[in-house]
1. Could you work out Rg/(2.2 N^0.38 Å) for segment B:72-313, with Rg from alpha carbons only?
2. Ranked highest first by average number of other Cβ atoms within 10 Å, how do B:72-84, B:263-275 line up?
3. Which part of segment A:153-192 falls in the paramagnetic zone of A:Ala294, meaning amide N under 12 Å from the point 7 Å along Cα-to-beta-carbon?
4. Pairs of alpha-carbon atoms within less than 8 angstrom and 6+ residues apart define the contacts here; what relative contact order does chain A have, in percent?
5. Under 11 Å from the Cβ of A:Asp338, count the other residues' Cβ atoms, weight Lys and Arg +1, Asp and Glu -1, and hand me the total.
6. With the Cα gyration tensor of segment A:30-170 in hand, give its eigenvalues times 5 under a square root as the equivalent ellipsoid semi-axes, listed largest first in whole angstrom.
7. Taking 10 °C and 1.306 mPa s as the conditions, I'd like the Stokes-Einstein D for segment A:156-302 in µm²/s, using the Kirkwood hydrodynamic radius from alpha carbon pairs.
8. Quick one: compute the contact order of chain B, relative version, from alpha carbon pairs under 8 angstrom and 6+ residues apart, as a percent.
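Read-outs throughout are calculated quantities, based only on the coordinates presented, and are distinct from any laboratory measurement. Here the structure is a predicted model, which means the values were calculated and not measured. Here the Cβ positions follow ideal geometry from the backbone for every residue, glycine too, while neighbour counts run over all protein chains shown.
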Amino acid sequence: MRLTAGTRLAAATTAAALTFGLAACSGDDSSDGPVSLTFWTWAPEMEAVVDIWNEQNPDIQVTVNKQDGGDAAVTKLLTAIKAGSGAPDLMQAEYQAIPTMVSSDALADISDVLADDVAGHFPEGVWNAVTLGSDAVYAVPQDSGPMQFYYRADVFAELGLEVPTTWDEYADVAAQVRAADPSKYLGTFSATDAGWFTGLAQQAGASWWSIDGDSWEVSVDDEPTLRVAEYWGGLVEEGVIDNKPMYTPEWNAALNDGSQIGWLSAVWAPGVLAGNAPDTAGLWEMAPMPQWDADEPATGNWGGSATAVTTQSEHPEEAAEFVTWLNTSPEGVEALADISGIYPADSAGQEALGDSPEFFSNQEDFYEIAAQTASTAGSFTYGPNVNVAYSAYNDQFGKAAEARSKADFVAAVETMQETTRSNLVDSGFSVAD
Amino acid sequence: MPTSPSPAPVRRRRAQRGLAGAPWMFLGPAITLFTLFMALPIGYAAYLSLRTVKVSGLGLGSGARTEVWAGLENYGRALADSEFLASVGRVGLYGLVLVPTMIVLALLFALLLDSRGARATGFSRISIFLPYAVPAVISSLLWGFLYLPAVSPFYYVFEQLGWDAPTLLSSRWILFAIANIALWGGVGFNMIVIYTALKAIPTDIYEAARIDGATERMIALRIKVPIVLPSLIMTFVFSMIATLQVFAEPVTLRPLTNTISTTWSPLMKVYRDAFTRDDIYSAAATSIIIAAATFILSFGFLRLVQNRAFNQEK
């Protein structure tokens, strides 16, 4: 083939450009220039938190890439992992999504590059969620959502009700509320919020998945979960607790006009209440969860996330360094809490929180109770098919709540167990009998 | 005779060749778009439906997942799945409620607009058609608010009057609640299709009928309805397909109630499998089954009514 002068020139230029480009690329890797990391997160104002780090660490520059939210970010990350490129170095990951991401080989095991004292910063239950009960470490806890009982203090005083400290008392108070004013409910059983029910089961001592050697074990239908389901089924059957889902316009209206006077929620509740029930500012108070065993206080988690390093990151060490600073250093944790407004997972950081949220300005010991309850969260391991269990929860408990039948609540747990387990078996996971 | 061909035939042949290429040029964009956005995705879905992912051990870390051939396994599982069959039954019932109501209402509105005494037809036509322009998600949200007793003005009025209103989002009424949204959005479109067919009928037929002593009602039933029958059949087939694919309305209403499961309609099951269970392979198999069923139903129905409906056009 004969090339014209023009073509030859073009080819030479292209070749030169390619060589130069490649040299520039490889030079980037080996030189001592600053390492740049990308960080997918949906926490508000995270850019400002990261700026503090960037100022102090000119060698490791982190860029925040804002995400829509937990589920959307997971789908995006898994696509990038499948494609082989495009994943960030750092990823905010909700606890229940970690096993799914690890199962798709999206998160790096950073146990080798993480300092040994990191684990000591977190309650055991929270730490367990990022190790999946193994020796690996797939993320460092960022924020957590310990559950508490939120109630309308003014209505409680008006109706002469005592704040329940045990589940028996909770059932009594629920009945008293109905007797005193049939337009009011102490709470509702929401079949659309699987994370909420998971938190209640966790408080009772459940852990739906576990790793036994080389096999997964599924134990949704263990005694604690059955106990919780039976208890709530009883309340719904008696009619002392509402059976409508949370987060509907109807529920928002009920919170705002005082027909729902209690909410079993997590530490982020003030933000939700401020948005959904603005007329009730200063009327709510928070107390620890009602207990199964008053001598051994426990709670569950609803929500919360960790910061992970992805398998596509070329700088896992630097990434781990940033993650450690963000989630365990006093400075990083304080910035998370003050600027980003999240409830840190770091125990010391929780104790350092001072002023109550504005919506709860009437309650001075808000963060004191929060920190105290956070340390009592039970240990809960999530499995690689949390979504399957959660959609089974929606379907089965939806039916049971609609039927207002205690027996159906118990049956729902058993169906959840069956669906979750057989899904693992069908996919080829090794599952213990 | 000279051996070389004269210039004239050459020119003609060139012109012919140009003509032969012209249809392809016109078809080109349509074929390209169809291939890229219809045929290829459908082919890919068919391919995916024959594949599956097998996990080994704990399924953690790299190399734990491999994509393998599954044969017809995905199809077998979809057809044996009781949730899928239940969703098909539910949608069948939903269609029985929705489609006839929709066609009857659309025909009624079209006939009324076309009748001699009709007033303000332009305004009425637009008002009936307008809901069709509202996306299903938006209309479902709006209706969702109206269905919730605590925030619905309807329930408020009922309460003031001391009447008992049915809880529309309960398991007993949910089918009708969803059908109502689809009806509200769909009647206008079908009405326009039928109305356009009515407008195309030459008016001298009516004159003849009136001279013969036919009343307006008789003209409607004996003349207009038989002539627009092909349009009725078309709207029927469209409504049937839309019914089989109902998705946006139940998905939008789902967070408001306990009565809509994640597999309420066949497409919701596809969605759950693909995006909640992360199993695009069985989702692809179910989609292919739904597409095949839609195809068979539509063409089966058209065959069934073809002779009767399109006779007069032959």
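1. Rounded to two decimals, the normalised Rg is 1.20.
2. B:263-275, B:72-84
3. A:163-170
4. Once divided by the residue count of chain A, the mean separation gives 26 percent.
5. Details: positive: none; negative: A:Glu45, A:Glu331, A:Glu334, A:Asp355.
Taking every Cβ under 11 Å from that of A:Asp338, the sum is -4.
6. On the way: eigenvalues 273, 73, 58 Å².
The answer is 37, 19, 17 Å, longest axis first.
7. D = 97 µm²/s.
8. Contact order relative to length: 24 percent.
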